[in-house]
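**Student:** First the structure, which I've put down as structure tokens, then a few questions once you've had a look.
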Amino acid sequence: MHVFVTGGTGQTGPAIVSELVGAGHRVTGLARSDAAAARLSALGATPWPGSLDDLDALAAGAARSDGVVHLAFGGDFSDPQAMTRRDVAAIEALGEPLVGTDRPLVVTSGTLVLPAGRVGVETDPGRPDAVAGLRHAGERACLDLAPRGVRAVVVRLAPTVHGPHDHGFVPMLIATARRTGVSAYVGDGTNRWPAVHRLDAAALYRLALEEAPAGSTWHGVAETDVPFRSIAETIGEKLGVPAEPVDPEDAGDHFGNPFMATVYGADVPASSELTRRTLGWAPHHPTLLEDLRHGDYVTAP
């Protein structure tokens, strides 16, 4: 299969590109810079010049492919509505050339789009008022393509997709612990996070691309409910600093902004039982706490 990939040089993208190439797929990756093009080439993919704002480039890349994996997401986090509009426009541009072809379009979301306080499952609809509600519109834009003859699929990733060279929420938490001398958790720290290793997530994207039916949603979750206090305590042990609670009212100041405080205090467990049972996905790489103890999180600059 010839697969067009956006975000192939981002947090999870290189692992997914490598997984697809290793499975025998031919990959073309969107590249907005020479450096991105060089990295894609090193992974065995063909660079396709353009960016998320270049809708013509997105449409052209999708039109010449047998399927699309959309990973890229970004913009100005101070303007989440603009980020949402950008993502929806990109999804629509990628999907339109696939209408009536039954070709796959796999779009990325996150389990933080689900309601907090209970274990989220694949059949739960996303909510615009959730922690990551800005991804809700992208989910809908993707799934709305299914009745139009696109094999539209959503993959929701856990809030931490961990592994070497991670630059997501956990490294930000570690940086805060280094800066403040305290590895903090919000309140009593019993709030729960799902987690997945990057290589396990990559295998899920390949399965979704190859096998998932139109209109389906899947969860990239290897661990359902890691207590956040355990994450903070493990970081504290590795850094040699105490793990201590921070009052919810003070969490915004401690972590740098209210959004990060909300993320770190969120109780957002999620299941992948349906994903595993239906697609045969079997995550087996190190857990989040294993990665924190033995990976590059503390040794990396």
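**Student:** Please label the shape of segment 1-68 as rounded, prolate or oblate, based on the square roots a ≥ b ≥ c of the eigenvalues of the alpha-carbon gyration tensor (a/c under 1.5 means rounded; beyond that, a/b larger than b/c means prolate, else oblate).
**Tutor:** oblate
**Student:** Stick to the Cα atoms of segment 253-301, pair each with every other, and give me the Kirkwood hydrodynamic radius in Å at one decimal.
**Tutor:** 14.1 Å
**Student:** Compute from the Cα atoms of segment 70-131 the Rg and the Dmax, the latter being the longest Cα-Cα distance, and quote both in angstrom.
**Tutor:** 13.8, 40
**Student:** Restricting to the chain, compute how many DSSP beta bridges are antiparallel as a %, nearest 5.
**Tutor:** Among the beta bridges of the chain, antiparallel pairing accounts for roughly 10 percent.
**Student:** Further, regarding this structure: Just round it to a whole percent: the fraction of Cα-Cα distances in segment 144-279 exceeding 26 Å.
**Tutor:** 33 percent
**Student:** Related question: Based on C-alpha coordinates, I'd like the Rg and Dmax of segment 109-220, in Å.
**Tutor:** So, for segment 109-220, Rg and Dmax equal 16.0, 54 Å respectively.
**Student:** Can I ask one more? May I ask you to order 267-274, 237-244, 5-12 by the average number of other C-beta atoms within 10 Å around their residues, highest value first?
**Tutor:** Ranked from most to least packed, the peptides come out as 5-12, 267-274, 237-244.
**Student:** What are the extents of the Cα atoms of the chain along their three principal axes, in Å, largest first?
**Tutor:** 55, 38, 37
**Student:** Starting from the Cα of residue 23, step 7 Å along the direction of its Cβ; do the same at residue 53; then give the gap between the two resulting points in nm.
**Tutor:** The two pseudo-label positions are separated by 3.3 nm.
**Student:** Under the rule of -39500 (n - 2.57) per DSSP H run of 4 or more residues, summed and divided by the residues of the chain, what mean residue ellipticity at 222 nm is obtained, to the nearest 500 deg cm²/dmol?
**Tutor:** -11500 deg cm²/dmol
**Student:** Under 12 Å from the Cβ of residue 150, count the other residues' Cβ atoms, weight Lys and Arg +1, Asp and Glu -1, and hand me the total.
**Tutor:** It works out to a net charge of -1.
**Student:** Around residue 50, under 9 Å between beta carbons, what's the net of Lys plus Arg minus Asp minus Glu among the other residues?
**Tutor:** Cβ neighbours under 9 Å give a net charge of -2.
**Student:** Averaging the inverse of every distinct alpha carbon separation and then flipping it gives the Kirkwood radius. What is it for segment 12-152, in angstrom units?
**Tutor:** Evaluated on segment 12-152, it is 15.9 Å.
**Student:** Same structure again: At a threshold of 8 angstrom on Cα-Cα distance, excluding pairs fewer than six apart, so keeping six or more, what relative contact order does the chain reach in percent?
**Tutor:** 18 percent
**Student:** So what's the gap between the Cα centers of segment 177-216 and segment 35-99, to the nearest angstrom?
**Tutor:** So the separation of the two Cα centres works out to 22 Å.
Values quoted throughout were computed directly from the atomic coordinates according to the rules given, and no laboratory measurement underlies them. Quick caveat: nothing in here was measured; it's all calculated off a predicted structure. All Cβ positions, even for glycine, are placed from backbone atoms using ideal geometry, and neighbour counts span all protein chains on display.
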